[in-house]
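Okay, structure first, notes after.
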Amino acid sequence: MAVDSFSAKARKISANIGAHYVDNARILPWRSSPGGNLPDPYHVWLSEVMLQQTTVGAVKSYFEKFTRRWPTVQDLARAEEADVLAAWAGLGYYARARNLYKCALYVTEKMDGIFPQKESELLLLPGVGAYTAAAIAAIAFGERAVVVDANIERLVARLFAIDTPLPKGKAEIRSAMDAITPDHAAGDFAQACMDLGATICTSKGPKCGICPVQKQCAAFAGGEMERYPVKPPKKAKPVRRARFFWIEQQDRILLATRPPKGMLGGMRGLPDDGWAAGNDGHATPPIAGEWQVHDNIVQHSFTHFSLQVDLAVYQDGKMVTNKGDNIWWPLDNIAEAGLPTLYAKAVDWKLKEEK
Ligand code: SF4
């Protein structure tokens, strides 16, 4: 496409998406209304970290819980890390929670509780990558930054029918997003694109009939909307096997704290075999005695592998003492233990099986 016609198309897209947002913005607890005052940077940062790999629907209640309990970044920094991890339980991708806490400490101790405004400075914060830095700079501080999340990636790939498969195609998508991002109100524009991707230009069955940029959309013109963004061929995920250990006495179960580094680091869970790659789920139990093993009670999908879990239930009635960091947790209060979904699924399975 010639440069002039590309720029004209970019301007039209930008204007149509901006105008559509005025009447159609989603109302979300961390947002300001279109054209309104800039929202609280703490709220923008918190919501953006929560929204990485997680849907808006799942994030809303967590965002409200966090801001009620820790209304400012300083309040969050004063919390115990274990409480933050427990409050995060169920949202997944727990490295985000550890980085969230680290970042709260950093902003509070090194920056007097004030978030930096520039994308380049935001990038230096723990757990803040290119997308999040751009989103905070644009949404919270009105800086012109080019924001590309998964919804925007899909929308832009379709508007310009970008044929290069991901992840290579990301550079072209970013440059097209750069071309349509206006100099003013870049935060509103980014949120307008996110909304359009989430509600109209959906990955399956896009609602092109009500789309404000249908006339400018190359994928629509070619009748191949769902072809974009072009994905690389899928690789099968490896499957790992894990064994969890259920040790119960006097209506309490033994919970362990995972090592601080690695997957679900620092979170509470059932004692287990570590479920490392190459481990077949037949680790030595934490205590000697008789165990009953239930095969494959839970399947859980992580980004790079799937996990099948066997549950070994301790059969001996004799008293067991605490080991290391382990604690006894009352079963009737298990919801408060802050268990990640993987362990919560295993506990649910066991409690249902007892009924
Ligand atoms: Fe997406 Fe359809 Fe709009 Fe193109 S016309 S941007 S495919 S919703």
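The values are calculated or read from the model by the stated rules, or taken from the named source; none is laboratory data. Computed from a prediction, not measured in an experiment: that's the story for all the values here. As a convention, Cβ positions derive from the backbone with ideal geometry for all residues, glycine included, and neighbour counts pool all protein chains shown.
A few points about this structure:
- Single unsatisfied condition, residue 163 versus (1) over 30 Å from residue 110 (Cα atoms); (2) away from the ligand (no atom under 16 Å from the Cβ); (3) charged (D, E, K, R); (4) assigned to a loop (DSSP other than H, G, I, E, B): (2)
- Residue match in the stretch 317-331 (condition: in contact with a helix residue (DSSP H, G or I) (Cβ under 8 Å, 6 or more places away or on another chain) and of a type in the set (A, V, I, L, M)): yes
- Residue list for the stretch 210-243, restricted to those being part of a loop (DSSP other than H, G, I, E, B), of a type in the set (A, V, I, L, M) and in contact with an Asp or Glu (Cβ under 9 Å, 6 or more places away or on another chain): 230
- Listed conditions (1) closer than 20 Å to residue 24 by Cα; (2) outside any helix (DSSP H, G or I); (3) within 16 Å of the ligand (Cβ to nearest atom) are all met by residue 184, apart from (3).
- Boolean, residue 200 is loosely packed, with under 14 Cβ neighbours inside 10 Å and closer than 24 Å to residue 26 by Cα: no
- Listed by first and then second residue, the pairs with beta-carbon distance under 8 Å, at least 6 apart or on different chains, first residue in the stretch 189-217 and over 25 Å from residue 134 (Cα atoms), second aliphatic (A, V, I, L, M) and more than 8 Å from the ligand (Cβ to nearest atom), are 216/13.
- Checklist (1) assigned to a loop (DSSP other than H, G, I, E, B); (2) within 28 Å of residue 62 (Cβ to Cβ) applied to residue 332, failing item: (1)
- Members of the stretch 157-188 found to be among the small types (Gly, Ala, Ser) and either within 23 Å of residue 16 (Cα to Cα) or touching a residue at least 40 places away in the same chain (Cβ under 8 Å) (or both), listed by number: 157, 161, 169, 175, 176, 179, 185, 186, 187
- Qualifying residue in the stretch 272-291 (condition: among the small types (Gly, Ala, Ser), farther than 22 Å from residue 340 by Cα and more than 28 Å from the chain's Cα centre (by Cα)): yes
- Among the residues making up the stretch 140-160, none is surrounded by fewer than 18 Cβ atoms within 10 Å (Cβ to Cβ) and within 12 Å of the ligand (Cβ to nearest atom).
- Odd one out for residue 93, checked against (1) assigned to a helix (DSSP H, G or I); (2) modelled with pLDDT under 95: (1)
- Taken over the stretch 198-209, the residue count meeting the criterion of being more than 8 Å from the ligand (Cβ to nearest atom) and either outside any loop (DSSP other than H, G, I, E, B) or modelled with pLDDT under 95 (or both) is 3.
- Scanning the stretch 64-85 for residues that are surrounded by 19 or more Cβ atoms within 10 Å (Cβ to Cβ), part of a helix (DSSP H, G or I) and not polar (S, T, N, Q) gives 66, 73, 76, 77, 84, 85.
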